[in-house]
Each structure stands twice: as structure tokens, then as C-alpha cells.
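Following: one structure in C-alpha cells, then a few remarks.
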Amino acid sequence: MIDKGINYVDYLTILRGYEQEATELLNAAKYSVFCVRVILLITLPLTFVIGVVMIVQSLANYRYLLRKLYARNYCHLTPKDEIGNSSALVGSMRYAGYQVGYIVWGFLIQFLLLTLVASILTAVIQLWSFLDTWIIDKIHALWPVLLTSFVVNIIQLLLAKFFFLQERGEQLAIENRRLFFIMTYFMFFYNIFIGLVSCLLRILKSMILGSLFIPRLDHSVLPRKFQRFDPGFHAFCGFMHVESAHTHSVIMVFISILQAESFNTLKANSEKPSLKSMMGKGIATVNGTYDMVQSKRSRKARWKWLLAYTLIQNPTLCLERKIALAKQKNESIIMTVLQDNYEATPAEEKIDIQI
């Protein structure tokens, strides 16, 4: 009976130990589920907001770049001569589909990265009781290095502005050249170690910015000379060049003027009355002629208004128009002077000039 009692007590003790472990595991599982739920509730809306902001910025940048293309400014986009007309048109056809696909991939990648960052922060918070001393020790060991790097960078900037450049940095002209070269020599070895850390920061920044700008085709994730290997940016450049060629305000106004003049000429020729009809109509013909004069005046006023609106919307055209008008006026003055001189010359000299 005693042995059985001892065995029963040991069995209960073992069960209680298993029950405590099971309770701890259950609590850990509940906490993990709670953390996953919080992470999803934070990362999903944040990813959606980032996507909406990127789309709005791309629309604003589309308008800005289109205005630059109207002025033949290719500071951001690949020039049309390097793309080619065929490639530009193909890029215009691909752009809409590419944009949707890049937005989807950008949403997925940003969501995964934000989830990863949030999971790491959650694990650090959960294990803070075990890692707090280690993290604090690392901060105490590294803060002198970080502070020294910051101070040295500030000192270099101040020396460059107030001691090594003329007029306190307003002119890119070096003074105190010997001290400048001595400073550059001694800072060379220190900048090597700063460069090692800077390279890691460069990689980290490239990863962050690359993941953020994946949905935006108006920015290439590759350097300037390798943008041709970015199919999304290449399609965007083709789309922008096609839009610029077919929506340019000056070209549209010029074409509309030509079309209106051609239409009015054809209409006037088709409605031109004969001599008999004019003699038979009498007063009606006079009224029709008066209406034609009035329509010509209104059409002339309308084109003047369109010209004024175009010049207001395109200030750079004002100077070009003034130059062209001045050149035309000078040519007319020169022709008038030459004609007056020719008419004032004797007849014999005129014959010699004609010969």
C-alpha cells in the first residue's frame, strides 16, 4: 500500500510539471498569435498608405516631367534619340500593364519587408529581459566612435566653408592650399574606416529606397548609364515621349489653326456665289458679304485670344516671338531701304544693276 501511494504521488507530481509546461507553451502560443495579429493590423494599412502615396507622387511627377519634355529638357528621362521611335511607341503600349504589375509586386515586397521588421522588433521586445544588458554594453562600447565620427564630419564641413574656401564658401576657389593638402593627407586614413561603415549604410539605403520605389516607373533603380536595362523605366520613357509628341500645346494650337484655315477656305470656295445670283439677290448679297466680313473679324479676334493664351501659358515663347518679330521687322526695313535706293538711282545704273 505504501509503494502504491508513493507511486501515485510521483505520478501527480509529474503531471503537475507537464501541466505547468503546457500552460507556459499555451501562453507563449497565445502571445505569438496576438503578436502576429498586431503585426498584420499595422503592416497591411501601412503598406496600403505607402502605395497610395507613391501613386499620387508618380502622377504629380508625370505632369512635371511632361512640362520638362515640352521644353526639350531631358534631365531625368532618357532622350528620344537614344530610345528610338519604335521603342518609344512599344514602351507606350507596355506602360499601363507594366505599371499595374509593378504596383502589385511593390505591395507584396513592401508588406514582407515591413512584416520582417515588425517581427524583429517584436522578438527584441519579447527577449528584452535577456538582451537588455548586452544591448546596453554594445551602446556603451560604440557611442564614442559614433560621436567622434559625427564631430569630425562637422569639423571638416566648417573648415571647408570658413577656412579653405574663399568668401565663406560662396566661391569654389581654394585658399590656404598647403593646409588643405595637409588636412586631406591626415584625414585619408581616418576616412578609410569611415568609408567602410558608409559602404554598409549605402547598401542599406539602396535596399530601403529600392523597395519603396518599386511601384514607381518614373524612377529607375539602376544608375544613369544602365537605365536601359530597366524595362519599367524604359517603358515609362517611351510613354512620356509619345505623350509629349501628341499633346504639345504649341503644336496643337498650330495644327488647329491650319485645320481651321483650311476648313474656312474650302467652305468659302464651296459657297462662293456666281455673278447671276449676286445680281439677282441684290440687297441679300450685300448682307451676306457683310456677314462674311463680320465672321472674318470674329475669327481674327478669336485667334488673337488663342495666341495671347498660348503666350501666357508658355512664357518662353514670348522672347522667341519678340526675336522673330524684330527680325521680320528688320528685314522689312532693309527691303524698304533697298527698294527706295533702287528707285532713286538713274535709269542707266538700273540697267547695269539688272545686267
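Tabulated values for the structure
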{"item": "Looking only at the range 159-213, and only at residues there that are in contact with a helix residue (DSSP H, G or I) (Cβ under 7 Å, 6 or more places away or on another chain) and on the phi > 0 side of the Ramachandran plot, the one that is modelled with the lowest pLDDT", "result": "G169"}
{"item": "Criterion: loosely packed, with under 12 Cβ neighbours inside 10 Å and basic (K, R) - qualifying residue of R177, R216", "result": "R177"}
{"item": "Residue in the range 112-131 that is modelled with pLDDT under 85, farther than 26 Å from S211 by Cα and in a loop (DSSP other than H, G, I, E, B) present", "result": "yes"}
{"item": "Residue that is farther than 18 Å from I194 by Cα and surrounded by 11 or more Cβ atoms within 10 Å (Cβ to Cβ), where the choices are L131, L157, L146, L172", "result": "L131"}
{"item": "Test: residue in the range 83-92 that is outside any helix (DSSP H, G or I) and either among the hydrophobic types (A, V, I, L, M, F, W, C) or out of contact with any His (no Cβ under 9 Å at 6 or more places or on another chain) (or both)", "result": "yes"}
{"item": "Residues of the range 228-241 satisfying the condition of being surrounded by fewer than 19 Cβ atoms within 10 Å (Cβ to Cβ) and modelled with pLDDT of 85 or more", "result": "F229, D230, P231"}
{"item": "Subset tally (residues that are under 19 Å from L222 (Cα atoms) and in contact (Cβ under 8 Å) with a residue 60 or more places away in the chain) for the range 89-107", "result": "8"}
{"item": "Residue that is surrounded by 12 or more Cβ atoms within 10 Å (Cβ to Cβ) and in the same structural domain as H76 (by TED's automatic domain parsing), where the choices are S211, S206", "result": "S211"}
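The values are calculated or read from the model by the stated rules, or taken from the named source; none is laboratory data. All of these numbers come straight from a predicted model, not from anything done at the bench. Here Cβ is always computed from backbone atoms with ideal geometry, including for glycine, and neighbour counts include all displayed protein chains.
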